[in-house]
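Each remark here refers to the structure printed beneath this line.
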Amino acid sequence: MALNDIANTYTADYPILDPLASGLDDLPPVEPIVAGTPLNTKDILDAELQMKTRAHYHKTNHATDAEVAAAKKRQFQIEMEHAASGAIGLPTWAAGLQESVQNLTQTVDDLNRTVATMDQRLERQEEKLDNLNRTVGALTRDVNDPVHGLKAISYGLKAQDVRNINRSSVRTNSDPIKPIPHPTEGSDVEPRWMPRTYTDILQCTARNADVYLDFYNIDRGRTLADKRVEIRQHLGITI
């Protein structure tokens, strides 16, 4: 394929640069580029040679910093036009930068996954700590009030029996859930909202969840997901 047979076109104008203040000529002569004209790899070669010529002049103070920078900018813009069209590959320096960005992106993705895993583990630890705090609080009350302690132990055994039943019988989202008795009212009273299946828990609103948690004097939790976890654990469901 000839150098000027590339079908893609330039998207912007790239006029010739102002002449050097020293009066020396750029070699080779560079033609202006007009938007809409076909991409031509000869333009890349000309722009690169112009930049190198000016860099050489700069060493003898016959080209200023600004004049060299203008040539570098023009070379970069023309290379990017060709690279974006797929007509040529990225310049070596740009390809290396692209690879570095890809590697950095992969590293960031890996770190995000690690952080997400750590967050999940932290949530589980916080959940265990909350349960432990509730247990310590209950034991403290029992020590200070033996009568209440006996009642609490009796209720705890009944509630645990129900949890054991739910743990073994609720294996799918549609299996029926046995309610936990109320600490003081027993099984005669239920909350105004009571999940009958695990699907009910998964689909419950924050308001319904709060009704259930308040009924059993359970901490509401920070989010709806927290509330659903509290309800699931209170009922002994391990799906």
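Net charge near A116: determine it from the other residues with C-beta under 12 Å of the C-beta of A116, scoring Lys and Arg +1 and Asp and Glu -1.
-2
Given labels modelled 7 Å from the Cα in the Cβ direction, how far is it in nm from D110 to H58?
Here the modelled spin labels are 3.7 nm apart.
Once amide H atoms are built 1.01 Å from N in the peptide plane, which residues 5 or more positions from Y14, or in another chain, come under 5 Å H to H?
Hits under the 5 Å cutoff: I33, V34, A35.
Near L224, within a Cβ-to-Cβ distance under 13 Å, what is the net charge of the other residues, with Lys and Arg +1 and Asp and Glu -1?
Around L224, the charge tally is +3.
Going highest first, how would you order 111-118, 30-37, 176-183 by mean Cβ packing within 10 Å?
With the highest mean Cβ count within 10 Å placed first, the list reads 176-183, 30-37, 111-118.
Each reported figure results from applying straightforward, stated rules to the coordinates on display, with no laboratory input. These numbers were taken from a predicted model, which means no experiment stands behind them. Here the Cβ is made from the backbone with ideal geometry for all residues, glycine too, and neighbour counts use every protein chain on show.
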